[in-house]
1. Taking the 0 to 90 degree range and rounding to the nearest ten, how far is the long axis of helix 3-16 tilted relative to the main principal axis of the chain, both from C-alpha atoms?
2. Where both partners of a DSSP beta bridge lie in the chain, what percent of those bridges are antiparallel, to the nearest 5?
3. Just to confirm the number: angle between the C-alpha axis of helix 197-226 and the first principal axis of the chain, 0 to 90 degrees, nearest 10?
4. Compute the normalised compactness of segment 64-132: alpha-carbon radius of gyration over 2.2 N^0.38 Å, N being the residue count.
5. Once the piece of chain linking L29 and K123 is laid out straight, how much longer is it, given 0.36 nm per residue of separation minus the C-alpha distance between them?
6. Got a sec? Charge dipole of the chain, +1 on Cβ for Lys and Arg, -1 for Asp and Glu; which of M111, N49, L205 is way out at the positive end?
7. Considering only D11, D82, D148, give the residue with the highest GNM mean-square fluctuation for the chain, with springs between Cα atoms whenever their separation is below 10 Å.
8. Dipole size in debye (nearest 20) for segment 3-194 around its Cα centre, Lys and Arg Cβ +1, Asp and Glu Cβ -1?
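Bear in mind that the values in this text are calculations on the coordinates, not laboratory data. These figures come from a predicted structure and were not determined experimentally. Cβ placement follows ideal geometry from the backbone for every residue including glycine, while neighbour counts extend to all protein chains displayed.
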Amino acid sequence: MKLKKIIEEIDSIIERDPAAGSRLGVVFLYPSFHVMIFYKIANIFWRYNLKFISRLLMQLARMLTGIEIHPAAKIGHNFFMDHGLGIVIGETAEVGENVTIYQGVTLGGVMPSIESDAQRNQKRHPTIGNHVIIGSGAQILGPINIGDYARVGANSVVSKDVLPNVTVVGVPAREYSKSPKLKGFKAYGMSVNQVDPIEKMFGSLIEKVENLEKKIKLLEKKTDKKK
C-alpha cells in the first residue's frame, strides 16, 4: 500500500463523515480503515493461493471490527463503511471506487445453502459500480449489477439490476427517483427533496376522485332544481 493512496483513503473518509475530526482519528478509531488493511493483506495471500492464512486474517479482522469481508472479494479505491458493524461482503462481490455503505449491509447470495456445490466458483454476489451509496440494513442479493452513482435506501432488499443514477427503496426495492445529474454525496442514499412516485400517483388519483365528487354534487343540485 502506497502512502499516497492511504492518505487519499483517509481523506475520503473525512470528506464523507462529519464525525471524522482528523486523519489521526480515522487511523485509530475507524473500523472501516482497520478492516481494509487486513483485507488488502489477505487479498494478496488469496491471490497467491494461501487461502487458509487469508481466511484466518479476515476472521481475526471480523472479531476486531464486526465487519466480514471475504478475502477474494474485489474492492476498489476509497471504499468507506460508515459505522461498519454487521456488514457482510461475499466471495464473488465486486465493489467499485468511492463506494459508501452503512452498517448492517449485506452483499450476499440469493440461496447459498441450496445446492451449494453447484454454486462453487460461480459468480453469485453483486457487482457495485462507482460512487454508489447503500443505506444501513440494505440487502443486495445475487449476481446483480448496481450502476454508477446509484443509491439504495436503508433496509431495502435488492435482487434485480439497478441502473446508473437511480435511487431504489423498499422490499423488494423499486425505483424511487432518477436523475442523470445525481453525482453529489448524500448520506444514506436519500435526499430530503425526493418524492416517492407511488405516493405522487396516489395523490393525483385522490385529487381526481375529489374533483369527480364535486362534479357529481353539482349535477345532483341541478337535477333537484329541475324537479
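1. Roughly 30 degrees, rounded to the nearest 10.
2. Values: 4 of 29 bridges.
So the antiparallel bridges in the chain amount to around 15 percent.
3. That works out to roughly 10 degrees.
4. Numbers: Rg = 12.3 Å, N = 69, 2.2 N^0.38 = 11.0 Å.
Ratio of Rg to 2.2 N^0.38 Å for segment 64-132: 1.12.
5. On the way: separation 94, 0.36 × 94 = 33.84 nm, distance 3.40 nm.
Roughly 30.4 nm would be gained on extension.
6. L205
7. D11
8. Details: 20 positive and 15 negative charges, 39 e Å.
Charge dipole of segment 3-194: 180 debye, to the nearest 20.
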